[in-house]
Amino acid sequence: MANAPSAGLAAVDPRVWALAAQVIESRDQDIPLLLLKLKGILNNASSGCEESKKIKQDIYNYELTQYCLLILKQDHSRLRGGWATAAQLAEILSHCCVGLEVKEDPEEFYKKFLPSAIDNLLFLGRRLQARFIRAVKDEEKQDFLRWFRTVTDAICWLFGGHIRIATCVLQNDHFLQLLITDDVETAIIMMSVLHNILRVNSSVLLQVDEETLHCVLDELVYKLSSTTNPVIGNAATKLLLLVAKFYKQLVKLLTVRYKGLKVLLNKQWTGKGFDRDLNQLLDLLYLEQSDGKGEMQRQHQAACVIQAMWRGFQTRKRLKKLPQAVTTLQRSFRAKREQGLQHLKRQKEDESLKLQMQLQRQRAMRLFHERQLALLEIIHASQVNKYMEEMEGKSAITIQRFWRGYRARRNFHQQRQSLKEYKAAVIIQRAACKFLEKRRKKRLLSPWKDPKGLTDEQRLALQQKVDDYIKLHPAPEMSEEMSKELHMQAQEKLAQFLLRSRLDQRAVQRREALLAQVNTDVKLLMNAPALAESTENDLDVFRSRSIPVATKARQSHNAMLKYACGPWWKKLGEEFVEDDVIPDDALSAELETLFIGGKKSF
């Protein structure tokens, strides 16, 4: 298709053929703008019906309408041309389908293609409606509303040309979601679309299922009951009137399903500018209700009698309690009036007090300024600065004194309960100590009891047991040379053990030093600044090992000083520990990462 059309394709419009070739060879993001050329092709067609049908048939055969259908489903905020291009493509798609007579496989066109086109157009309308509601700027809202109206006009044009798809439009979930909205502008447009559907196909409501019919009628009645906008009310009234005129069997449904509809129309929408349509609708509703009017009238009269009897009973009961109610009302009125007078009196007193305090402050400030001026006249000019400094110092001291007093009083009030508890604990401890001291003094010392000695018989029996054991376990005899040799072996093993223990101790110290060095390096690296922010001083920390060692030594020394200066209650239970010994737990956090300077080998 890249070259000129061949002889077999002579009947095909060359513009359609060229556009189809460009669409096939172009990228996906460029196709929407290319498809806009279809509008010019359709507009330039002659007024003859046959030529227009031939062009639409060629567009459908070359699957350009299928391209338009697929593009409508995409998110046009990311495509070239945006939502304006989508609205124009919707209009082009509807014009291409209206007047098109498919001869080859018409079932696919009417049962698959057209329902898909309706679904994509309604889905595009939902997207435009959502963006119109979320838009903030007025210009942006007007653009989205204009594009939304273009899409709805395309839908109306499409089902106007193909009446059989009006039922498909009404049963589509996107259409019901577009209709169920609280936005005024889009709601008016969707009700006009519904009005066009009813005018094009008067039997469409009888062809849809019961659930869809109820959803449409519920939304129309809801709009009448939830809004006071006369435009919405006029559109909804006209739609209900159209339904009542076309479908006599639905009038009974309106009177039975919506029992308060007539009262709502009378009270809320009378005199809003569309009384003619409103009166026609009410006449139809009342005419349907006239069959059961006799029974309802009897029920109404019975209800009136019951209500009259009940109101009379209530009135007589209220008249009996009237004197007591009047007394209670007068009492409450006098109490409320007294409270109001007291409140006004307190307000006047507060205002007078505030006025007096303000006058006193003004008078004090005036006297202070007069005193300052008098002193400035007396004091020499060279002493003014010194005098002002002294006055500022005295003022600061006065302010500080008042502030310290206020803070001390506040802390005292806050710590009063803790002081009470502390005093109570001291009293209880003093009483307990006295009680224990008295009890200790009263306790008698037990006399010394010597241990019981062995008798002669016990000694003989014990000596006999020792002799028997020696006989059973005789000790081996050892010469002097063997004793010396055994002593030398023991000395050698002891020396080897001491040497090995010393080497192991050095190895352990070296291992601990290496671990401390690694921990120190890790902390230095974690606390090191970024390369862009590092300075020469930061580099010296990594070059020299003395700086981190000195830092850790300073931290450990501070920890020991802090422990030594700590309060007594933190050292409870350490009475038997030497004064120069500090527990390992107090210094473990500081000494475990300290690197001991020196050589790595010991």
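Overall, the chain carries a charge dipole of about 5480 debye about its Cα centre when +1 sits on the Cβ of Lys and Arg and -1 on the Cβ of Asp and Glu, all other atoms neutral. Along each principal axis, taking the top coordinate minus the bottom one, the Cα set of segment 59-139 gives 49, 21, 19 Å in descending order. Computed log10 I(q)/I(0) for segment 17-120 at 0.15 Å⁻¹: -0.60, from the Debye equation with unit scatterers placed on every C-alpha and solvent omitted.
Peptides 559-566, 491-498 ranked from most to least packed give 559-566, 491-498, packing being the mean of other C-beta atoms within 10 angstrom over each peptide's residues. Taking every alpha-carbon pair under 8 Å whose residues sit at least 6 apart, the chain reaches a relative contact order of 6 percent.
Kirkwood Rh over Cα pairs of the chain into Stokes-Einstein at 37 °C, 0.692 mPa s: D in µm²/s?
81 µm²/s
Note on segment 48-168: Lys pairs 8 or more places apart or on different chains, Cα atoms under 16 Å apart, count 6. Diffusion coefficient of segment 114-213 by Stokes-Einstein, Kirkwood radius over Cα pairs, 4 °C, 1.567 mPa s: 94 µm²/s. Each residue of segment 550-557 was assigned a 3J(HN,Hα) from its phi angle through the Karplus curve 6.51 cos²θ - 1.76 cosθ + 1.60 (θ = phi - 60°); the sequence is 5, 5, 5, 5, 5, 5, 5, 5 Hz, with glycine and proline shown as x.
Heavy-atom accessible surface of segment 297-448, averaged per residue, reaches 99 Å², computed with a 1.4 Å probe. In this structure, the amide hydrogen of Gln74, modeled 1.01 Å from its nitrogen in the peptide plane, lies closer than 5 angstrom to no residue at least 5 positions away or on a different chain. Remark: segment 111-118, residue by residue, has Karplus-estimated 3J(HN,Hα) of 9, 10, 5, 5, x, 5, 5, 4 Hz, where x stands for each Gly or Pro and the curve is 6.51 cos²θ - 1.76 cosθ + 1.60 at θ = phi - 60°.
Counting only protein heavy atoms and a probe of 1.4 Å, the accessible surface of the chain is 57% carbon and sulfur.
Partner lysines whose Cα lies under 18 Å from the Cα of Lys238, excluding those fewer than 8 positions away in the same chain, are identified as Lys223, Lys248, Lys252, Lys262, Lys267, Lys272. Counting only residues at least eight positions apart within a chain, or on another chain, the lysines with an alpha carbon under 24 Å from that of Lys484 are Lys493. Peptides 130-143, 189-202, ordered by how many other C-beta atoms sit within 10 Å of their residues on average, highest first, read 189-202, 130-143. Comparing Gln360, Gln330, Gln347 along the charge dipole axis of segment 307-420, the residue lying farthest to the positive side is Gln330, per the Cβ-charge model.
Using only helices, what value at 222 nm comes out for the chain when you add -39,500 (n - 2.57) per DSSP H run of length 4 or more and divide by the total residues, to the nearest 500 deg cm²/dmol? If you can, show how the numbers build up before the last one.
Values: 25 runs with 453 residues, N = 602.
That calculation yields -25500 deg cm²/dmol at 222 nm.
Rolling a 1.4 Å probe across the protein heavy atoms gives segment 182-243 an accessible surface of 39 Å² per residue. Put the Cα centre of segment 402-435 next to the Cα centre of segment 209-285 and the gap is 80 Å.
Within straight-line reach of Lys317, meaning a Cα separation under 30 Å, sit the following lysines at least 8 residues removed in sequence or on another chain: Lys336. Placing unit charges on the Cβ atoms of the charged side chains and taking the dipole of the chain about its Cα centre, the candidate lying farthest along the positive direction among Tyr387, Thr150, Pro115 is Tyr387. Mean sequence separation of contacting Cα pairs (under 8 Å, at least six apart), scaled by the length of segment 30-177, corresponds to a relative contact order of 26 percent. The equivalent ellipsoid of segment 352-509 has semi-axes of 96, 38, 15 Å, largest first, where each one is the square root of 5 times an eigenvalue of the Cα gyration tensor.
Per residue, the solvent-accessible area of segment 55-180 (1.4 Å probe, heavy atoms of protein chains only, all protein chains present) comes to 46 Å². When you work out D = kT/(6 pi eta Rh) for segment 205-360 at 10 °C and 1.306 mPa s, using the Kirkwood radius from C-alpha pairs as Rh and the Stokes-Einstein form, the result is 74 µm²/s.
The values are calculated or read from the model by the stated rules, or taken from the named source; none is laboratory data. All of these numbers come straight from a predicted model, not from anything done at the bench. So basically every Cβ, Gly included, is an ideal-geometry build from the backbone, and we count neighbours across all protein chains shown. Surface areas here come from the heavy atoms of the whole protein model, side chains and all, with no ligands, DNA or RNA. Shrake-Rupley method; radii C 1.70, N 1.55, O 1.52, S 1.80 Å.
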